[in-house]
Amino acid sequence: MLKLTNVSKTFNPGTVNQKTALDRVSLDVPDGDFITIIGSNGAGKSTLFNAICGGFYIDEGLVALDGENITYKPEYERARYLGHLFQDPMKGTAPNMTIEENLAVAYLRASKGRHSFLSRVSAKEREMFREHLAMLNMGLEDRMKNPVGLLSGGQRQALTLLMATIVTPKLLLLDEHTAALDPGTAEKVLDLTKRIVAERNITCLMVTHNMHQALELGNRTLMMDSGHVVFDVSGPERAKMTVEDLLEKFSVGTGKEFDNDRILLSTVQESGPEGKK
Amino acid sequence: MFITWSIIQSALELGVIYALVALALFLSYSMLNVCDLSTDGCFTLGCAVGSVVAIAGHPILALFAAMGACMLSGFVTAFLQTRLGVESLLAGIIVNTGLYTVNILIMGKSTLSLNSTETVFTMMKSALSGTPLVDYYKLIVGLLFTAVVLVLLLQFLNTRLGLSIRATGDNADMVKSSSINPAFTTTVGLCISGAITGLGGCLLGEYQKSCDINMGSGMVTIALASLIIGETLVGNRGTIPLRAVGVVLGSCLYRVIVAIALRFNLPASALKLVSALIVAVAIASPQIKKLIDFQQKKMALSGRSFYRLMTLFLAILTVGCVVWAVLLPVSRALAVLLAVLCLAAAVWFALADRKVRGGKVC
Ligand SMILES: Nc1ncnc2c1ncn2[C@@H]1O[C@H](COP(=O)(O)OP(=O)(O)OP(=O)(O)O)[C@@H](O)[C@H]1O
Ligand SMILES: [Mg+2]
């Protein structure tokens, strides 16, 4: 499915702000994998996603999807097979356009060739959009003519998820896509994510700041630090891991304490007196 | 009579023709979120190409030639900003400057006369001769073209390509992640808006039977003023078709205002200042409102009212303008205009002040 070979990216090379955000990262993602990624602030998680989806071109290395070398494909071409969700719910939708219009633009991925550009949204497609929206259980199917700007952050993120998956992508990239939402909404969006990924068997990479989530969800966990993948666990070893094991692995792997305010915060909250689920 | 039907009629004729430029900006500015400063030169280019072809004896072909040439100019502007990394405003300015030379080259001199040339207007006049509609032939031609462009534009905005163009102006990241190249949608959008601008220029040349190298200067501000008047008329929560119709109405209203101002002996040269003011105030109004609210809050702390202060200040200004209008023999019309504006603002502040006071008593 996805294969990264020695991918490197340095920002602002040759200046005092030089920063190697990815340092010869190699990664092999088989079909159907659901990988969770954790790492300290500035570890290069978002940069890794940008390297995959084409937000910039990498300095060195190769990116291949399904055997095809996509290293130098522009972002918009890769978007045909990739879905990408950001932490910021505002990033994925056009606020002044209606829900239906947003979905129609996202659905352009399904069209082949330029001829369909001049056609309008058909009644059949509208019906399909409605069915998909109904699956979100947020009542959005009755608000298809409302501008997206009127929706709440959670609703917008759910809609973005739907837009990213309305044409089943080969690979779905989720970059802390629930982090900006309140706990209840975050859970709802996460449940949706789980359901959609499972139902359609989408290969998925998900950055999370929640250690429990990182171990609970998916079948494999990566830990990143300073542009490297320092830890990669799956199978039975992962099944019996606890958050404490994970933190320890981190300090062994990098020789320093784990440093991510969001992760530490969520760890404290969840293992607090009443917080334990 | 002070305002006659014929004055209104010619204002409307100009209004519907200039509405084409406002519609072009509706596409590039309101939808695509690109302020295309090549509009001035593009308008003249449309007129120049159209006039040359019309003088050669092809009044219908002239329209298409003008649209084609301006589409090309839109393409160059788009190419500069999407592929060569020139800042969007600068790209427009560069193209605008270059177009001056191009226009001179096309026209061969700085003015062209179409007095004895067959145009779409003269064709309509002879087609309608003998019918009661013949008096309105200019209005009919203008309305016809604007209506066709309006309908086609609205149809286009509903297609997938049109939706992508709107999305590009709204959130370019989202367009990219929907597998569409924003550079492509920007280019298409600017080409179409260029073509519409060019059609407007060509029609205006045929309408006034002349083409002047400077006829486009200030066009972008005037068209923006019409656009803003129009969008204010329908309110910005309106649907796209409603807003587009509002833009056409805005352009007509603008021309009626201009006609009335001219009857007040306001010099034609003052109009550009008025349009500039309309655009500046309209675009700045959210920020101005914030500033006013902030001052009011700040002064309210020490028990004073910014609203009242402003009312007083504007009232004094109004009196000053009235004195000027009565005593000084220069630019009386401008003084009257200023007096009316100051008075209106003073009343607005007085009402706001009363509202605040009323709230405090309760
Ligand atoms: N566009 C950019 N220009 C310059 N430096 C950048 C850029 N994007 C990221 N960086 C730097 O690269 C490093 C990796 O950043 P990245 O956003 O990938 O971290 P992250 O793992 O996603 O962290 P977080 O958990 O805070 O989201 C950081 O040091 C960051 O400052
Ligand atoms: Mg990040």
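Quick rundown of the values:
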read-out	value
Whichever residue in region A:61-72 is more than 17 Å from residue A:173 (Cβ to Cβ) and surrounded by fewer than 14 Cβ atoms within 10 Å (Cβ to Cβ) and, among such residues, is farthest from ligand 2 (Cβ to nearest atom)	A:67
Members of region A:43-61 that are assigned to a loop (DSSP other than H, G, I, E, B) and either touching a Leu at 6+ places or on another chain (Cβ under 7 Å) or more than 12 Å from ligand 1 (Cβ to nearest atom) (or both)	A:44, A:54, A:57, A:58, A:59
Residue A:64, sole failed condition from (1) in a loop (DSSP other than H, G, I, E, B); (2) at pLDDT 90 or above; (3) more than 11 Å from every other protein chain (Cβ to nearest Cβ)	(1)
Test: residue in region B:270-285 that is outside the structural domain of residue B:18 (by TED's automatic domain parsing), more than 25 Å from residue B:233 (Cα to Cα) and part of a helix (DSSP H, G or I)	no
Qualifying residue in region A:77-89 (condition: within 11 Å of chain B (Cβ to nearest Cβ), within 16 Å of ligand 1 (Cβ to nearest atom) and at pLDDT below 90)	yes
Cross-chain or 6+ apart pairs with Cβ under 7 Å, region A:40-53 first and in contact (Cβ under 8 Å) with a residue 24 or more places away in the chain and under 18 Å from residue A:64 (Cα atoms), then in a helix (DSSP H, G or I) and more than 8 Å from ligand 2 (Cβ to nearest atom)	A:53/A:75; A:53/A:78
Considering residues of region A:28-57 that are hydroxyl-bearing (Ser, Thr, Tyr) and closer than 21 Å to residue B:177 by Cα only, the residue nearest to ligand 2 (Cβ to nearest atom)	A:46
Positions within region B:166-182 being at the interface with another protein chain (Cβ under 9 Å from one of its Cβ atoms), out of contact with any Asp or Glu (no Cβ under 9 Å at 6 or more places or on another chain) and among the aliphatic types (A, V, I, L, M), in sequence order	B:174, B:175, B:180
Tally of residues being over 13 Å from residue A:176 (Cα atoms) and among the charged types (D, E, K, R) across region A:31-53	2
Residue in region B:80-101 that is touching a residue at least 60 places away in the same chain (Cβ under 8 Å), within 29 Å of residue A:108 (Cα to Cα) and buried (at least 18 other Cβ atoms within 10 Å of the Cβ) present	yes
Filter result (under 22 Å from residue A:6 (Cβ atoms) and not polar (S, T, N, Q)) within region A:209-232	A:220, A:222, A:223, A:224, A:225, A:227, A:228, A:229, A:230, A:231, A:232
Residue A:161 being assigned to a strand (DSSP E or B), within 13 Å of chain B (Cβ to nearest Cβ) and within 23 Å of residue A:34 (Cα to Cα)	no
Only one of B:157, B:163, B:153, B:139 that is touching an Asp or Glu at 6+ places or on another chain (Cβ under 7 Å), buried (at least 17 other Cβ atoms within 10 Å of the Cβ) and within 14 Å of chain A (Cβ to nearest Cβ)	B:163
Selection count, region A:166-201, where residues are away from ligand 1 (no atom under 16 Å from the Cβ) and free of Cβ contacts under 8 Å to residues at least 60 places away in the same chain	19
Those residues of region B:218-259 which are within 12 Å of the chain's Cα centre (by Cα), farther than 19 Å from residue B:142 by Cβ and of a type outside the set (A, V, I, L, M), in sequence order	B:218, B:221, B:231
Test for residue A:142: is it away from ligand 1 (no atom under 16 Å from the Cβ) and either over 30 Å from residue A:31 (Cβ atoms) or of a type in the set (Gly, Ala, Ser) (or both)	yes
Qualifying residue in region A:205-216 (condition: more than 16 Å from ligand 1 (Cβ to nearest atom), not in a strand (DSSP E or B) and not charged (D, E, K, R))	yes
Pick from region A:91-115, criterion within 8 Å of another protein chain (Cβ to nearest Cβ) and among the hydrophobic types (A, V, I, L, M, F, W, C), ranking: surrounded by the fewest Cβ atoms within 10 Å (Cβ to Cβ)	A:108
Single condition residue A:14 does not satisfy, out of (1) within 27 Å of residue B:178 (Cα to Cα); (2) outside any strand (DSSP E or B); (3) among the small types (Gly, Ala, Ser)	(1)
Single condition residue A:169 does not satisfy, out of (1) touching a strand residue (DSSP E or B) at 6+ places or on another chain (Cβ under 8 Å); (2) more than 14 Å from every other protein chain (Cβ to nearest Cβ)	(2)
Single residue of A:154, A:139, A:149 found to be more than 16 Å from ligand 2 (Cβ to nearest atom), on the phi > 0 side of the Ramachandran plot and not charged (D, E, K, R)	A:139
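The values are calculated or read from the model by the stated rules, or taken from the named source; none is laboratory data. Here the structure is a predicted model, which means the values were calculated and not measured. Neighbour counts are summed over all protein chains in view; Cβ atoms, including those assigned to glycine, are modelled from backbone coordinates with ideal geometry.
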